[in-house]
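Data block below; observations after.
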Amino acid sequence: MFAGTANAGSGTPTAAASPAATSREATTQTTPTTSPAATPTTQTSTSTGAAGTPPSTVLYGLGDSEGNFARCVNITSGCCYGDPASCPAGTVTGFWDDPWFKALTSPSSIHRLSYVRLFVSVDAVGQYNGSASSPGCAPSRVLQQPWYDTAGRLHPAGESLQDLLAGLVQAHADGLTPVVSITGYPIASSRPSFDAPAPDPTTPDGYWSYRCGIEGILGAISRLPADEQPHVWEPFNEPDTIALYRDPAAPTVPATSTVPATSTVPATSTVPATSTVPATSTAPAAQPSGCPVTATGVAGGAAKAACDYVLADQLIHQFNGHAGDTLLAGVFSRMSPTYLEQYVSQLASALPGSSFPASWAVHDYSGVTRGYQGSSLAVLAAFDRELGSDTGGRAKDLWITEAGMLLNSRTKLGDCPADGADPAGTVGACINGNATAQAADIASFFSLPSAGVAVPITHLFWYEWQGEINWDSGLLDAAGVPRSAWCAFFGSGTCTGSPNAA
C-alpha cells in the first residue's frame with residue numbers, strides 16, 4: 001500500500017494502490033478501560049476447508065504506515081540513530097504498546113500475530129552521488145535534512161531510518177518477526193520535490209540509486225545487535241502501482257534533480273554527529289546477470305521491477321549475516337496474469353537455477369472487502385495457479401502481505417443496499433456499520449489461504465491497525481475501539497467490537 005496521508009483517491013479495493021508508507025494521520029489511540037481478554041462477543045471462527053493451506057500452518061502478521069508500529073517521540077534523539085533499545089523509557093511510541101495489540105500477539109489470540117511489516121523508503125539512508133566518472137554512494141538528502149513533500153508537509157531528517165530502527169528493535173522485544181518492505185514514492189503529493197517515484201535499476205542513475213539505497217539500509221541495520229536485524233525483505237512494495245514499472249515510456253526525475261528555488265526545506269542537517277552512515281559505497285558489486293544496465297534500460301515495466309529483486313538478491317545475500325535471508329518476489333497490488341508473466345520471465349533470465357525466488361507476495365483487498373457478496377477467492381486462486389505455472393513449480397510459498405476490509409472504499413459495485421449518508425451504493429457504504437456484511441468479509445479474510453492450491457499460501461497479513469481518513473481498513477476505529485475484525489482475530493471469549501467506522 002501507499003501513503004495514507006495523501007491517498008485522497010477512490011480507495012478502490014481492486015485497483016487502487018495500498019495506503020502510503022509515510023502516513024502519520026492516524027488518530028490517537030485510546031487505551032481501553034477494561035482488559036482485552038475480558039472485553040468484547042461475536043466470535044468468528046473460520047476454516048480454509050479441504051483445499052489450500054491448512055489453517056494450522058498459516059502464520060499471521062500486521063502491517064501499517066511507516067512509523068505507526070514504533071517511532072521515536074523526539075526525532076533528534078541520537079540514540080534513535082543507533083540502537084533504540086538504548087534509549088530511555090518513553091522514547092519510542094506506537095501501537096506496539098497498545099493493550100489491544102498485545103492481546104493479538106498473546107497465546108490467547110486464536111489467530112496470533114507473529115509478524116509485523118515495516119516500511120522504509122529506498123533512499124532512507126543512501127543515494128547515488130551523481131557522478132558518471134566516479135559513481136558511488138553518499139548519505140541521502142532525506143537522511144541529512146528535513147524536507148517538505150509536494151503537499152507542503154514537513155518531514156524531519158532521518159524520519160524513515162529512525163522509524164525502521166525503532167520498529168526492528170520493538171519487534172524483537174515483542175517476539176515478532178519483522179518484514180522490511182522497501183518503498184518508493186508512489187503518491188505524488190507525498191514525495192520530496194527532488195525525488196523520483198522509483199529508480200530504474202537497468203539505467204546507470206537508477207542502478208546506483210537503488211543499489212545505494214539498499215546498501216545504506218543494510219549498513220544502518222548492521223549497527224543493531226544480530227538478533228534485532230531483519231531477515232525477511234520485500235525488495236519493492238507494489239511496483240505495479242508506479243508508472244515507471246508499468247509503462248517503459250514513463251518519464252523519470254533525474255537523480256541529480258535539485259530542490260526548486262521556492263522550496264523552504266532547511267539546508268542544515270539534524271543527523272547526530274555520531275551517525276555512522278558511510279559517505280561512499282563499499283566494494284563495487286558486479287552488474288546483475290540478466291539485468292543489463294544501459295542508457296535506455298531494459299524494455300517493459302515489469303522487467304524493470306524484476307531487476308529490483310535481482311539486485312536486492314545480490315546485495316542482501318552477499319551482506320555479512322544475511323546470506324540466508326528470505327526475499328519476497330512480486331509484492332504486487334493487483335493479481336494481473338500478464339504482469340506476473342512478464343515479471344517471472346525477466347527473473348527466469350536473470351536468476352537461473354537455485355537463485356530463482358521460492359517465496360512470493362501479493363496483496364488482496366477485493367477478496368476480503370467484497371466477501372459479503374459471496375465467494376471471493378476466484379481471482380486469488382487464478383493468480384495462485386498462474387504463479388505455479390509461470391514459475392514451473394519453483395514458487396514454493398505465497399505470502400499475502402496486505403489484505404483487509406476497506407470500510408471507506410468509494411467503488412460502485414452492483415446493487416449495494418446502501419442508504420443514509422451515502423446513497424450512491426459504494427462498497428464502503430455497504431459494509432460500514434453492517435455487522436452481517438463485515439462478518440462475511442472477515443470470514444473471507446481467514447479463508448484466503450484455501451485459494452493456494454498450486455502454491456501454498458503460508459502467511460496472511462492484515463492492513464492496518466487503526467483507520468485513517470483516506471484509507472480505513474483498521475482493526476480499531478479512530479477512537480481506539482476494537483471493531484468486528486479485531487474480534488475475529490482474537491477469536492475467543494466475548495467480544496463486542498463495533499462494526500461502525502469512526
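The values are calculated or read from the model by the stated rules, or taken from the named source; none is laboratory data. In this text, all values refer to a predicted model and were calculated from it rather than measured experimentally. Methodologically, a virtual Cβ is constructed for each residue, glycine included, from the backbone with ideal geometry; neighbour enumeration extends over all protein chains shown. For the accessible areas, the whole protein counts, side chains as well, though only heavy atoms, and no ligand, DNA or RNA atoms are used. Shrake-Rupley method; radii C 1.70, N 1.55, O 1.52, S 1.80 Å.
Kindly list the number of the only condition in (1) charged (D, E, K, R); (2) assigned to a loop (DSSP other than H, G, I, E, B); (3) more than 19 Å from the chain's Cα centre (by Cα) that fails for D227.
So D227 meets the others, but not (2).
Quick one: would you say F69 is surrounded by 21 or more Cβ atoms within 10 Å (Cβ to Cβ), modelled with pLDDT of 80 or more and assigned to a loop (DSSP other than H, G, I, E, B)?
Working: surrounded by 21 or more Cβ atoms within 10 Å (Cβ to Cβ): yes; modelled with pLDDT of 80 or more: yes; assigned to a loop (DSSP other than H, G, I, E, B): yes.
Judged against the criteria, F69 is a match.
(1) of a type in the set (S, T, N, Q); (2) under 30 Å from V481 (Cα atoms); (3) out of contact with any Lys or Arg (no Cβ under 7 Å at 6 or more places or on another chain); (4) crowded, with 24+ Cβ neighbours inside 10 Å: which one isn't true of S181, the others all being true?
Every listed condition holds for S181 apart from (3).
S86: modelled with pLDDT under 70, over 30 Å from P456 (Cα atoms) and among the small types (G, A, S), yes or no?
Numbers: modelled with pLDDT under 70: no; over 30 Å from P456 (Cα atoms): yes; among the small types (G, A, S): yes.
So S86 does not fit the description; no.
Going residue by residue through the range 323-333, is there one that turns out to be surrounded by fewer than 22 Cβ atoms within 10 Å (Cβ to Cβ), assigned to a loop (DSSP other than H, G, I, E, B) and at pLDDT below 95?
Checking the range 323-333: not a single residue is surrounded by fewer than 22 Cβ atoms within 10 Å (Cβ to Cβ), assigned to a loop (DSSP other than H, G, I, E, B) and at pLDDT below 95.
Would you mention how many residues in the range 451-471 are modelled with pLDDT of 95 or more and open to solvent by 10 Å² or more (accessible area, probe 1.4 Å)?
Here the count works out to 4.
Those residues that are open to solvent by 10 Å² or more (accessible area, probe 1.4 Å), under 14 Å from L244 (Cα atoms) and among the polar types (S, T, N, Q), I need them from the range 200-219; list them, please.
Residue satisfying the conditions is T203 alone.
Just checking, how many residues over the range 152-181 are in a strand (DSSP E or B), at pLDDT 95 or above and either touching a Ser or Thr at 6+ places or on another chain (Cβ under 8 Å) or not aliphatic (A, V, I, L, M) (or both)?
Residues of the range 152-181 that are in a strand (DSSP E or B), as a first pass: 154-155, 177-181.
Cutting the leftovers down to at pLDDT 95 or above gives us 177-181.
When the remaining residues are screened for being either touching a Ser or Thr at 6+ places or on another chain (Cβ under 8 Å) or not aliphatic (A, V, I, L, M) (or both), the result is 177-179, 181.
Adding up the residues that qualify gives 4.
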